[in-house]
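For reference, the structure is listed below as structure tokens.
The values are calculated or read from the model by the stated rules, or taken from the named source; none is laboratory data. Here the structure is a predicted model, which means the values were calculated and not measured. Methodologically, a virtual Cβ is constructed for each residue, glycine included, from the backbone with ideal geometry; neighbour enumeration extends over all protein chains shown. Just the protein is used for accessible areas: all its heavy atoms, side chains included, with ligands, DNA and RNA removed. Shrake-Rupley method; radii C 1.70, N 1.55, O 1.52, S 1.80 Å.
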Amino acid sequence: MVHNQADASRIQEMDSGEKRLNELGYKQELRREMTLFKTLAISFSTMTLFTGITPLYGSSLAYAGPASLVWGWVVVSFFTWFVGIAMAEICSSFPTTGSLYFWAAHLAGPKWGPLASWCCAWLESIGLIAGIGTQAYAGSQTLQSIILLCTGTNKDGGYLAPKWLFLCMYIGLTLIWAILNTFALEVIAFIDIISIWWQVIGGTVIVIMLPLVALTTQSASYVFTNFNVAPERTGISSKPYAVILSFLVSQYSLYGYDAAAHLTEETKGADKNGPIAILSSIGIISVFGWAYILALTFSIQDFSYLYDPTNETAGTFVPAQILYDAFHGRYNSSAGAIILLFIIWGSFFFGGLSITTSAARVVYALSRDKGIPFSSVWQKLHPKHKVPSNAVWLCAAISILLGLPILKVNVVFTAITSICTIGWVGGYAVPIFARMVMAEKNFKPGPFYLGKARRPICFVAFMWICYTCSVFLLPTYYPISWDTFNYAPVALSVGLGLIMLWWVLDARKWFTGPVRNIDTDNGKV
């Protein structure tokens, strides 16, 4: 009797997220110490203000001019809300670290659940690990420009880091993120709180200061209505095709909000705070991202000069040239541009750190369910800090391997970006589709519930994801050659082909999806 009273008291005091976790068949193993603000900070840092826009801004601007780029952000933001709302409802019902692939398993039902879970887990793992690589590459690219401007410019004998040094910077960033992620999650959460203020304050400074510093600014008609394809630069003369490619910067930037879902087993009140963090991240990035695009575009001094290989930044990084033109034109010094580039570099640093955190959680959760070779190794937690340190280092090692072609291939960033986006966003599609077609009686809603609106919202979200994944498989430059070929379709075909072959030959016989570690009589999950 006393024991039963103690259990009842324990259940009564239990966090709502932990209660739901127990209902789903999992015991609380990770420390549940994250507040809403800390979870939001990590989710926001994973999306980040600069990391998506900055590296793809120049190429997207070149395809169809400023108007397509500026309004593309608005269009993509609109459809991103459908995806975020659909995911927020599912997160509210299933607050687990396995997140997407756990959702897919339960929403697809006992017959299709294992296959749905398998596909989702591997898509998500591929996307997140490639995401570490995109942050490391873009962060190295920004650092390359900082070093160039600090040592002079391309015209004044400045030092442009060669490929071998670029690769060293890429590896160095990846290793630093892995080391930091082997500490307790409170360390990462503290750093990400710095991150959110870094980006909000730094972003505000850039958005306000850049147009004010620039000697001249473009007219509103140029920014909002100028549409101009550039076949001499991109090889693309088709206007619809150019518009589609100009949207890539927005589609690459507006995802990553599922980071909040990966931390739900470590977040207080995760069934409520997880959805809030997802939707808040989308809202903040939608507003700040558009403001950042507008600030860059209004501050352009000479459009064609941005891409000139003989300009001060060697034509390697369009945003860096815009910053240089603004500050050097006003003050005859590049110091201001270097400071703002450092703010942008900090955003890449924080973003890579957060994506490493998310990637490790997905690998840990999949290992816990025996879905990865040598699962017993990757599911081990650090004895002191209770973080999946082995999974962290596995993700870092694979990310470094993805970056090795930097030494020989010029389109590495395009390939890694495409793999990252297709894997990451493609992983969203599986649970959203399952939620759309499942019988409502089999769904136990959480505090955030869409009711009858769930089918149209999920349908729009699913179709948008399919479109997004499709366009990242397209060639981005013509004529197609070894230097311009988009290697993502080949890499994904080989990788996903092997994963599905493993499923057909072996994994389908033993992989059942998420493996419960608590016996539960709850019939509706």
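Structural remarks
- Each label point was placed 7 Å from the Cα along the Cα-to-Cβ direction; for Arg455 and Val287 their separation is 3.5 nm.
- Annotation: Asp506 carries an accessible surface of approximately 60 Å², with a 1.4 Å probe and no ligand, DNA or RNA atoms counted.
- Once all protein chains are placed together, Arg508 keeps about 130 Å² accessible to a 1.4 angstrom probe.
- Largest accessible area first, the listed residues Trp424, Trp345, Trp164 line up as Trp164, Trp345, Trp424 when surface is computed with a 1.4 Å probe on the assembled protein chains.
- Whole-percent P(r), the stretch 86-239, all Cα pairs, 10 Å bins from 0: 8, 17, 27, 27, 17, 4, 0.
- Per-residue extension of 0.36 nm, minus the Cα-Cα distance of Arg330 and Lys155, leaves a gain of 61.1 nm for this segment.
- Asp308 sits among other residues whose Cβ lies under 12 Å from its own Cβ, and their net charge, with Lys and Arg +1 and Asp and Glu -1, is -1.
- Selected from Gln135, Gly235, Ile193, residue furthest toward positive end of dipole (the stretch 92-243; charges at beta carbon): Gly235
- 30 Å Cα-Cα threshold exceeded, pairs from Lys155/Lys239; Lys380/Lys452; Lys272/Lys452; Lys163/Lys239; Lys272/Lys441: Lys155/Lys239; Lys380/Lys452; Lys163/Lys239
- Kirkwood Rh in Å, taken over the stretch 266-354 so that all alpha-carbon pairs contribute: 15.4 Å
- The residues of the stretch 131-266 present an accessible area of 37 Å² per residue when probed at 1.4 Å with all protein chains retained.
- Computed from the C-beta positions of Tyr305 and Lys163 and an R0 of 25 Å, the FRET efficiency is 0.50 to the nearest 0.05.
- Distance in nm between pseudo-label sites at Thr204 and Leu473 (7 Å out along the Cβ direction from Cα): 4.4 nm
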